Amino acid sequence: MTLDRSRTAEEASTPVPDPGLPPRRRGPLLVAAAVVLAAVVALLATLSTGALAPDTLVPTSALVTWGTPIARALHHGALLGTIGAAWIVVLLLPPARREDGTRLRGPRARLARLAGVCAAVWAGASLTLMLLGADEAAGAGSGADLLAIALSTELGRIQLGVAIAAGLAALLLLVARSTTFAAWGLATAMFGVLLLGFAGHAGASIDHTNAVNAMALHLAGMAIWGGPLLVMLCCPRVIGDSMPVVVRRFSPWALAGIVALAISGLVNASIRLDGIGELVTTPYGRLVALKAVGLTAIAVLGAVQRRRLGDRLRFRHLALTEAVLLAAVVGLSIGLSRSAPPVPQTVPAVGELRILALVGHLPPARPFGLATLFTQFEPDWIATAIAAAFAGLYLAGVVRLTRRGDRWSLARTIPFVLGCVALWWVTSGGAAAWGRFRFDAHMVQHMALMMIVPPLWVLGAPVTLMSRALAPRTDGSRGIREWVLAALHSRYSRIVSFPPVAGAIFAGSLVVFYFTPLFELAMREHAGHVLMTVHFLLAGYLFAWVLIGVDPAPKPLNPALKLVMLLITLSFHAFFGVAVVSATWILGAGWFEQLGMYGPEQLELIQRRGGSIMWGVSEIPTLFYAIILAVMWTRSDDRLARQYDRKAARDGDADLTAYNAYLRSLRGDQGPTKDDGDRPRTD
């Protein structure tokens, strides 16, 4: 569903009668029919690729053969129902009465309960898939302990993690009495969706980083797009007269989901297919092509449907067609997950291929050095897309302000865009290519993620731009603008933005990360590496926001206090680098020894270089922060002086007159002298 701007504001605000979708009693039947259709398409798709043949399927258990596609259809349907209902509650549906605000009442309460029930079904389906996978690995009739087998495999642990996330989301959504609590349930459910990216072919792919990231983005895009769409089709009576508002607000999210599906689909296809010709010549490729056609058809129907809100019959027919296509696309996705792609996705752990199997890519041919940082690349396509999206959204906000006649400083735009370029470089440049092979390359990534990207973003004032570019909601619901501002002024924000806390998060996390097994976990596991990247960015952004933030803070700080915080925190950062240089053990020794690329003496030398980078390079951000603080301090004094002068001009210098009167009262004068106004502070 794409946004149609042809309607006037008056038309958009006028409630449209119920478009004639199936009555409420038919809603469960429509959901059941969608699940059955998805399961049938999944079985047919799996059969077409030969994955159900006895000589290719291990084991030949009928329960695994036929039960897995059915359980997966139920799993995907419940996932979409969870995300869709929660997304509508948190971001799209206005309250029945404006005074309800964030309280869940009426339609929003019913949809929150629906999301909770779907999440419970999702959790159960995930556990079922975990046991079916263990049964498949053990063999038909083995009588083995399926739970033990499931927990011994990475796929089984991932499915258990998804089940736990779905179960927590179900609990949060079922007990939620406000949209804030429902938002936590939605966030937990989205975490479970992202975990699914590590399952299936993506988790064992040759290009592990891009395969997993693309699959996670693909699932998130499908959930954000297909989830609300499915709920709107099945629950029109619950949404009621708010349907036009929900559809209109859903349009930008639908577009974002479509773009995410397109980008992730291209990346996935490039990894699993050996050329565009295999879209026609191989069974797997034909399923990919059919899925792409189905997604395109749904997008087109959504755009047409948006223009037919007032036509009951056309809307109903288009909506039902869209639901059928969505169920078929889900079935094709299940079939693809059960079928082997043309390009093998596993690597034998022998010789040089052992490193490829561990890391997902080989180290660059050229030795690591300063020039290598800027001449070698290991593209992370999803991180590249995220950096481009950040820059694009920021520039779109600037364009919107400019068209409206408002000004936005170029001195803010340039730093933010440079921060996005820096994020692309640190995730796809030479530091990323060498980051999991050498400690010094990793330290370059660390410094860039905490001390280069965040301050550039902070100087761009993205929250201020967003609050000015997006129109505020007046119906009591919360959009992205309202949620960001609510988080900014929340009690949690006041706690973490307190200087000692922000400094402790920035500097203290170094000790926790590097002097515990967390560092080796981040090197060994892709999920750990992603969490490391996110943590470094957030910790660096929080520190920079407290020090040099242009966006409003919960409690403004004195520049002198900021300078003290800067010197203490970055001094600790530098001394931590000295501690790394002086360490008598190898950080992450198990990982680097398993790679077998360097001997003990070389690892010690590389670690000393990494510590020296942390120690020496931290002086540059310290100087940068100090200069920015000095400039902001000076401007703050000048701004206060101008404000005082304007106030004095308005009220005839009332403060100064009152002060002189106070001085005269101290010395017992009966009246003013002619010189009091000329020398007020020398009496």
### Message
Using a 1.4 Å probe on the protein heavy atoms only, what accessible surface does SER409 show? Give it in Å² to the nearest 10.
### Response
60
#### Entry: Residue-normalised accessible area of the stretch 472-550, expressed per residue, 1.4 Å probe, Å²
45
### Query
Around GLY429, which amide H atoms from residues at least 5 apart in sequence, or from another chain, sit under 5 Å from its own amide H, with H modelled in the peptide plane?
GLU378
### Task
Please work out the FRET efficiency for the pair LEU623 and LEU362, using the Cβ-Cβ distance as r and a Förster radius of 45 Å; give the result to the nearest 0.05.
0.75
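For LEU595 and THR153, FRET efficiency with R0 = 22 Å and r from the beta-carbon atoms, rounded to 0.05?
0.40
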#### Entry: Estimated FRET transfer efficiency (GLU604, THR281; beta-carbon r; R0 60 Å; 0.05)
0.70
### Residues with amide H under 5 Å from that of SER178, placed H, sequence gap 5 or more
LEU104
### the stretch 224-263 pair-distance distribution - Cα-Cα, 5 Å bins, rounded %
6, 25, 30, 20, 12, 6, 2
### Task
For ALA504 paired with ARG664, estimate the spin-label separation in nm (one decimal), with each label point 7 Å from Cα along the Cα-to-Cβ line.
5.4
### Message
Between THR657 and VAL175, what is the label-point separation in nm under the 7 Å Cα-to-beta-carbon projection?
### Response
6.2
### Task
Would you mind working out the accessible area per residue for the stretch 82-152, using a 1.4 Å probe, and quoting it in Å²?
39
### Message
Need one number: nm distance between label points at ALA96 and TRP585, each 7 Å from Cα along Cα→Cβ, rounded to one decimal.
### Response
6.1
### Whole-number percent relative contact order across the stretch 500-637, with pairs defined as alpha carbons under 8 Å at least 6 apart
31
### Task
Report, to the nearest whole %, how much of the accessible area of the stretch 362-489 belongs to carbon and sulfur atoms, 1.4 Å probe, protein only.
70
### Query
So how much accessible area does THR321 have, in Å² to the nearest 10, using a 1.4 Å probe?
70
### Karplus-derived HN-Hα couplings along the stretch 602-614 (A = 6.51, B = -1.76, C = 1.60, θ = phi - 60°), whole Hz, x at Gly and Pro
5, 5, 5, 5, 5, 5, 4, 5, x, x, 5, 5, 5
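The values are calculated or read from the model by the stated rules, or taken from the named source; none is laboratory data. Bear in mind the structure is a predicted one, so any value in this text is a computation, not a measurement. So basically every Cβ, Gly included, is an ideal-geometry build from the backbone, and we count neighbours across all protein chains shown. For accessibility, only protein heavy atoms count, side chains too; no ligands or nucleic acids. Shrake-Rupley method; radii C 1.70, N 1.55, O 1.52, S 1.80 Å.
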